[in-house]
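The values are calculated or read from the model by the stated rules, or taken from the named source; none is laboratory data. Note that the coordinates shown come from a computational prediction; the quantities given were computed from them, not determined experimentally. Note that we place each Cβ from the backbone using ideal geometry, even for glycine, and neighbour counts take in every protein chain shown.
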Amino acid sequence: MTNGAVAGAAAAAAIANAIKASGAIITVEPNDFETLLRKADDPLVVCAQGGIFSTKYQYLTAYKGLIFHTKTRTPLMLSPRIELINARKIWIPN
């Protein structure tokens, strides 16, 4: 096995381990994400802004033991009761 093949296999294993560590991440539409936030007792949301050609906003929250993710072109209008953490970047494994 060549060094390149070993490095490729190691990278693939690292990606697989990252996916396992993160658990299931469920992508939903922005309106469904907002519905989940309204149902949560004490919601915590992580938000990141990014994009190359246009600005995109990503959001993560936990609800009933699952992690939910959404992406929008405009920021969500979040309730002041929601605890918001601004992150530099959110990476979702494919």
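Within the range 40-94, restricting attention to residues that are closer than 18 Å to Pro30 by Cβ and charged (D, E, K, R), which residue is surrounded by the fewest Cβ atoms within 10 Å (Cβ to Cβ)? Step by step, filter the range 40-94, then rank; the result is Arg73.
Counting just the residues of the range 69-94 that are part of a strand (DSSP E or B) and out of contact with any helix residue (DSSP H, G or I) (no Cβ under 6 Å at 6 or more places or on another chain), which one comes out farthest from Glu34 (Cα to Cα)? Ranking the candidates gives Ala87 first.
Please enumerate the residues belonging to the range 12-49 that are of a type in the set (Gly, Ala, Ser) and either more than 14 Å from the chain's Cα centre (by Cα) or modelled with pLDDT of 90 or more (or both). Steps first, answer last, please.
Taking the range 12-49 and keeping what is of a type in the set (Gly, Ala, Ser), we get 12-14, 16, 18, 21-24, 40, 48.
Within the range 12-49, Ala12, Ala13, Ala14, Ala16, Ala40, Ala48 qualify.
Within the range 44-58, residues that are farther than 12 Å from Thr74 by Cα and touching a residue at least 12 places away in the same chain (Cβ under 8 Å) sit with their Cβ atoms under 7 Å from residues that are of a type in the set (Asp, Glu) and assigned to a strand (DSSP E or B), at 6+ positions apart or across chains, in these pairs: Leu44/Glu83.
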